[in-house]
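Visitor: Submitted below is the structure of interest, expressed as structure tokens.
The values are calculated or read from the model by the stated rules, or taken from the named source; none is laboratory data. Since the structure is predicted, the reported quantities are computational estimates derived from the model, not experimental observations. Here the Cβ positions follow ideal geometry from the backbone for every residue, glycine too, while neighbour counts run over all protein chains shown. Just so you know, the surface numbers come from the protein's heavy atoms only, side chains and all, with ligands and any DNA or RNA stripped out. Shrake-Rupley method; radii C 1.70, N 1.55, O 1.52, S 1.80 Å.
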Amino acid sequence: MGTASPAQRVLLGENRSHRFAFITLAHHRCLGSGRSLPYSADRGKKSVNRQALDALKQQIPLMDYLQAHDWHPARPLSGGRWMGLCPLHEDHKPSFLVDPHKDLFYCYSCGRGGDVIRFAELYHQVRFSQAVALLHQWRGAEPLLDEAARFYRIQLHRHSEAVAYLYQRGVRSPALVEHMRIGYAPGGCLRGWLTQLGYPLPALHQAGLVTGGGYDAYVHRIVFPLESNLYGRSLSATAPSHRFLPGAKGGLYSWAQAQSYPEVILVEGLFDYAVLWEAGFHNVTCSLGTHLNALQLGQLCEGSRTVYLAFDADGNGCGQQAAQRLARSLRERGITARLISLPAGHDPNSFFVAGGDAQEFHRLLQEATL
Ligand SMILES: [Zn+2]
């Protein structure tokens, strides 16, 4: 940890437990090589392979896998453990111990034991990488965007430039990163990862994850999963700042949570959402731009509530004009709309990054005009 910046230390504070050190499943450009230490080792992080394997194992409880392969527990032991016949060889009295809590097995007859991956290796008599592939297959393919989002999340903690960018935008707590499922697209490695998991290239094209030329579409972008899209914020000043995959941006961000409040705060960007959520305003939602689509407008207007509009107070007045238009449109639909007046040149994100706190934002809410 000696070289980690404060930003890294904050974000990397989680998941530092060390479990089994598995040999890597494949050599992958973004993932390091199984023969050398993962290149993140000096920061005390878990290697991406191990994270992916842990995730796979969490999704496949050993007991489920055993029972799906016709194993039957014969008698219970203390601590929720079970004994049964060993499925790895001819067995006449139960010598196969399974601990469902630890997801481990051990056979007192043949002396073999391990986790679900080890079991798949022994049972199917395949190598480690094939066992992992079989388990992926058995679990069933995740929807493509979920798998991409998961990959990006693993990447985030491997790229200090991404962590530093988030820190600078006020995204500093692991809980917030977890809540928003924030990831990072370094570029040049998603395609390889997904095809390795068995997703066909045409599907990646169609989803917009890979360009016509075969490259990752998102490069150097912070990625936020939406309902059925992935929003990518560029770290580079030369690329377009905001990008979505083809298809709709969907409804209001995190609406399921916000809609239970009688008063909601509507912001235009996810970094605005992030700092407000972090400051304790969980009645916040985001329209991903100043233009609301019909679905988003419909969501705001269902039921009766007060909507606080906290759009950018940018120099050209675009944000405020959009907020006024939206406020009119909401009032026509019987919704109380209030306009929050941020200090000139600020959006909610920069307000908090510049030192604004929850108390001050509360005051802005109280002063919001009808
Ligand atoms: Zn055995």
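Visitor: Among the residues that make up region 302-310, is at least one of them of a type outside the set (Lys, Arg) and under 22 Å from residue 176 (Cβ atoms)?
Guide: yes
Visitor: Still on this structure, please answer the following. Tell me which helices (runs of 4 or more DSSP H) are completely within region 105-195 and hold 2 or more residues being without any contact (Cβ under 8 Å) to a residue 60 or more places away in the chain, of a type in the set (A, V, I, L, M) and farther than 19 Å from residue 233 by Cα, or say none if there are none. Talk me through it step by step, then tell me what you get.
Guide: Values: elements: 116-124, 128-139, 144-156, 160-168, 174-180.
The helices (runs of 4 or more DSSP H) meeting that bar are 116-124, 128-139.
Visitor: Output the number of the condition that residue 86 fails; it satisfies all remaining conditions of (1) more than 30 Å from residue 198 (Cβ to Cβ); (2) within 12 Å of the ligand (Cβ to nearest atom); (3) open to solvent by 70 Å² or more (accessible area, probe 1.4 Å).
Guide: Every listed condition holds for residue 86 apart from (3).
Visitor: State all residues of region 58-71 that are buried (at least 17 other Cβ atoms within 10 Å of the Cβ), in contact (Cβ under 8 Å) with a residue 60 or more places away in the chain and assigned to a helix (DSSP H, G or I); if no residue qualifies, say none.
Guide: Applying the first criterion (buried (at least 17 other Cβ atoms within 10 Å of the Cβ)) to region 58-71 yields 60, 62-63, 65-66, 71.
Within this subset, residues satisfying the condition of being in contact (Cβ under 8 Å) with a residue 60 or more places away in the chain are 60, 65.
Selection gives 65 alone.
Visitor: Now for a separate question. What number of residues within region 246-255 are open to solvent by 10 Å² or more (accessible area, probe 1.4 Å), on the phi < 0 side of the Ramachandran plot and at pLDDT 95 or above?
Guide: Adding up the residues that qualify gives 2.
Visitor: Test residue 203 against the stated conditions and say whether it is surrounded by fewer than 16 Cβ atoms within 10 Å (Cβ to Cβ), assigned to a loop (DSSP other than H, G, I, E, B) and modelled with pLDDT under 95.
Guide: On the way: surrounded by fewer than 16 Cβ atoms within 10 Å (Cβ to Cβ): yes; assigned to a loop (DSSP other than H, G, I, E, B): no; modelled with pLDDT under 95: yes.
No.
Visitor: Examine region 357-365 for a residue that is part of a loop (DSSP other than H, G, I, E, B), open to solvent by 20 Å² or more (accessible area, probe 1.4 Å), without any contact (Cβ under 8 Å) to a residue 60 or more places away in the chain and touching a Leu at 6+ places or on another chain (Cβ under 8 Å), and state whether such a residue exists.
Guide: Within region 357-365, the first condition is being part of a loop (DSSP other than H, G, I, E, B), and the residues that meet it are 357.
Of the ones still in play, those that are also open to solvent by 20 Å² or more (accessible area, probe 1.4 Å) are 357.
Subsequent filtering for residues that are without any contact (Cβ under 8 Å) to a residue 60 or more places away in the chain retains none.
No, region 357-365 contains no residue that is part of a loop (DSSP other than H, G, I, E, B), open to solvent by 20 Å² or more (accessible area, probe 1.4 Å), without any contact (Cβ under 8 Å) to a residue 60 or more places away in the chain and touching a Leu at 6+ places or on another chain (Cβ under 8 Å).
Visitor: Taking residue 52 and the conditions (1) in a loop (DSSP other than H, G, I, E, B); (2) closer than 17 Å to residue 142 by Cβ, which numbered condition does it fall short on, given that it satisfies the others?
Guide: So the condition that residue 52 fails would be (1).
Visitor: Among 148, 120, 74, 162, which is within 16 Å of the ligand (Cβ to nearest atom), open to solvent by less than 30 Å² (accessible area, probe 1.4 Å) and of a type in the set (Gly, Ala, Ser)? Before you say what the answer is, go through the steps one by one.
Guide: Numbers: 148 fails: within 16 Å of the ligand (Cβ to nearest atom); 74 fails: open to solvent by less than 30 Å² (accessible area, probe 1.4 Å); 162 fails: within 16 Å of the ligand (Cβ to nearest atom).
Among 148, 120, 74, 162, only 120 is within 16 Å of the ligand (Cβ to nearest atom), open to solvent by less than 30 Å² (accessible area, probe 1.4 Å) and of a type in the set (Gly, Ala, Ser).
Visitor: Out of the residues in region 284-306 that are part of a loop (DSSP other than H, G, I, E, B) and open to solvent by 30 Å² or more (accessible area, probe 1.4 Å), which is farthest from residue 337 (Cα to Cα)?
Guide: Taking region 284-306 first, the residues part of a loop (DSSP other than H, G, I, E, B) are 287-293, 302-305.
Add one more test, that the residue is open to solvent by 30 Å² or more (accessible area, probe 1.4 Å), and what stays is 290-291, 293, 302-304.
Working: 290: 15, 291: 16, 293: 17, 302: 14, 303: 14, 304: 11 Å.
Filtering first and then ranking leaves 293.
Visitor: For residue 88, only one of the following conditions fails: (1) assigned to a loop (DSSP other than H, G, I, E, B); (2) modelled with pLDDT under 95. What is its number?
Guide: Residue 88 satisfies all of (1) assigned to a loop (DSSP other than H, G, I, E, B); (2) modelled with pLDDT under 95 except (2).
Visitor: Another question about this same structure. So, in region 91-100, how many residues would count as being modelled with pLDDT of 95 or more and either in a loop (DSSP other than H, G, I, E, B) or out of contact with any Phe, Trp or Tyr (no Cβ under 6 Å at 6 or more places or on another chain) (or both)? Break it down stepwise before answering.
Guide: First pass over region 91-100, keeping only residues modelled with pLDDT of 95 or more: 94-100.
After this cut, where a residue has to be either in a loop (DSSP other than H, G, I, E, B) or out of contact with any Phe, Trp or Tyr (no Cβ under 6 Å at 6 or more places or on another chain) (or both) as well, the list is 94-96, 99-100.
Number satisfying all stated conditions: 5.
Visitor: So which of 93, 102 ends up being open to solvent by 30 Å² or more (accessible area, probe 1.4 Å), within 16 Å of the ligand (Cβ to nearest atom), within 30 Å of residue 76 (Cα to Cα) and without any contact (Cβ under 8 Å) to a residue 12 or more places away in the chain? Even if it seems obvious, please write down each step before you answer.
Guide: On the way: 102 fails: within 16 Å of the ligand (Cβ to nearest atom).
Just a single option satisfies the conditions, and that option is 93.
Visitor: When you look at residue 227, is it open to solvent by 10 Å² or more (accessible area, probe 1.4 Å) and within 30 Å of residue 359 (Cα to Cα), yes or no? Break it down stepwise before answering.
Guide: On the way: open to solvent by 10 Å² or more (accessible area, probe 1.4 Å): yes; within 30 Å of residue 359 (Cα to Cα): no.
Against the criterion (open to solvent by 10 Å² or more (accessible area, probe 1.4 Å) and within 30 Å of residue 359 (Cα to Cα)), residue 227 does not qualify.
Visitor: Just for region 307-350: of the residues that are buried (at least 18 other Cβ atoms within 10 Å of the Cβ) and of a type in the set (Ser, Thr, Tyr), which one is nearest to residue 272 (Cα to Cα)?
Guide: 350
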